[in-house]
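Below is one structure; the comments refer to it alone.
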Amino acid sequence: MASCNDEINNIREGDYVIIKTESVLRLVELKSNKPQYLGKRKARFFAAIGHPYGSFFEIKTDGSLSKLEKPEEVEGLLVKVDDDGEIKDNRSLTDTGESQKLTTSDIETFKKQGLSGQEMVMKIVQNSSSFQEKTAFAKEKYLRKKQKKYLNFVQVLKPNIRLLAEMYYMQCPGKICNLRIDSLSQMLAFCNVMSGGKYMIMDTVFGLLTASVLERLGTDGCVVQLHIGSFSIHSHQQVIKALNIDSEHLESLLYNIDLKNVMSLLQEGSVVEDQGMMCDPVDEYTQSSSQGAKERLAKIQKRDHIVKVKKMLSFKNMDSLLVAVKIHPANVLQLLDFLSFSRPFAIFSMFQEPLVDCYVKLKSRGDIIALNISETWLRKYQVLPERTHPCYSMSGSSGFLLSGIKVAPKH
């Protein structure tokens, strides 16, 4: 058992990993030994294979990685502030740009000489004429800024939804509709996402919502991911691949179908195979000779997959519906017909107005209770001795959430 756990906790070739620095999170696939860039730093993260997740590495000047055996060694790399207890203030300091004696060419020379990040920071501090005049707090802030720039150590972490959500939000929040981790966690909690459940998801936020449900499912349950246009029965979204789920296991959990086929199921009331997708022997021979056997096989597999998903949805016993889309969500309210009674749903939008429209339509259905529109708001605080205060730079809004519960209609 111990060896099996070690294999799970160790970094393997082909895995996706999160590279974490003090201010950066980056997703990297360990597929080849080609150097990759972390900001302006070049590194060969392939060398992390075989080490346990959570390990710290120092990036050398040639891009190679050197493992730090103990996490305490990271603290040893940091330059500490020597506070002599003397009361100082910054009133006499003027930023003229002349306090630092080192030039850019001097810094580049030090890098070529192979100086470590710790030595670089010490050189900069020693050549700063105003450093000793600063207060202890100002010194610590100055050192933290320089260490962030010159200390080349990273931590290799196992991807999870919290890290992935923070990473995408840091890089480009607009692409995930400003879906912050607190909003995402509220959706999962309200919809009671757990192992063994059956969930419908409509997701245009890079697959982040689908991946979060898959992580909660573990080894049991199913997810039906709905697509607005064309789709593939095999998931190619990076955030889902980043969870390092085995392909066979993923196929048993995740099912894909387009919105058009789902709506046709509501109109027909039962599963009817699309004649357009059926192939007669002549067509099959023509397709195999013109497009190739692989394309023909892919079409047959997609047809069978859609029929399978339709049969699954025809029982109308799904446990929840989760929606996070950039379009107006009023067009997907009919999907609530696939839920069992007393089952929750959650719809996320960047704007309040589309959810108000949905609220009015759902009120008139007669089978929805506990309707609520909420705005999630999170405020981060800096917690340090004698300087605890809210962070000055933070997001103002993380969108709006419409939630409710479907019940049996009155007769």
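The values are calculated or read from the model by the stated rules, or taken from the named source; none is laboratory data. Note that the structure is predicted; figures quoted are calculated from it, not measured. As a convention, Cβ positions derive from the backbone with ideal geometry for all residues, glycine included, and neighbour counts pool all protein chains shown. Just so you know, the surface numbers come from the protein's heavy atoms only, side chains and all, with ligands and any DNA or RNA stripped out. Shrake-Rupley method; radii C 1.70, N 1.55, O 1.52, S 1.80 Å.
Values as computed for the structure displayed
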{"read-out": "Residue match in the stretch 372-380 (condition: open to solvent by 50 Å² or more (accessible area, probe 1.4 Å), part of a loop (DSSP other than H, G, I, E, B) and under 15 Å from Gln186 (Cα atoms))", "value": "yes"}
{"read-out": "Only listed residue being out of contact with any strand residue (DSSP E or B) (no Cβ under 6 Å at 6 or more places or on another chain), over 22 Å from Met187 (Cβ atoms) and at pLDDT 90 or above, chosen from Lys311, Lys361, Lys294, Lys326", "value": "Lys311"}
{"read-out": "Filter result for Leu402 (more than 26 Å from the chain's Cα centre (by Cα), open to solvent by less than 70 Å² (accessible area, probe 1.4 Å), touching a residue at least 24 places away in the same chain (Cβ under 8 Å) and at negative phi)", "value": "no"}
{"read-out": "Residue tally, condition part of a strand (DSSP E or B), without any contact (Cβ under 8 Å) to a residue 40 or more places away in the chain and surrounded by 18 or more Cβ atoms within 10 Å (Cβ to Cβ), over the stretch 201-259", "value": "2"}
{"read-out": "Filter pass, Val156 being farther than 27 Å from Ser403 by Cβ and open to solvent by less than 10 Å² (accessible area, probe 1.4 Å)", "value": "yes"}
{"read-out": "Contacts under 9 angstrom Cβ, first residue in the stretch 32-45 being touching a residue at least 12 places away in the same chain (Cβ under 8 Å), partner of a type in the set (Gly, Ala, Ser) and in a loop (DSSP other than H, G, I, E, B), 6 or more apart", "value": "Pro35/Gly63; Arg41/Gly63; Lys42/Gly63; Ala43/Gly63; Ala43/Ser64; Arg44/Gly63; Arg44/Ser64"}
{"read-out": "Count of residues meeting criterion [open to solvent by 50 Å² or more (accessible area, probe 1.4 Å) and closer than 17 Å to Thr210 by Cα] in the stretch 307-326", "value": "1"}
{"read-out": "Members of the stretch 338-353 that are open to solvent by 50 Å² or more (accessible area, probe 1.4 Å) and touching a residue at least 60 places away in the same chain (Cβ under 8 Å)", "value": "Phe341, Ser342, Arg343, Met350"}
{"read-out": "Residue pairs meeting the criteria (Cβ under 6 Å; at least 6 apart or on separate chains; first open to solvent by 70 Å² or more (accessible area, probe 1.4 Å), in the stretch 99-122; second not aromatic (Phe, Trp, Tyr) and not in a helix (DSSP H, G or I))", "value": "Lys101/Asn127"}
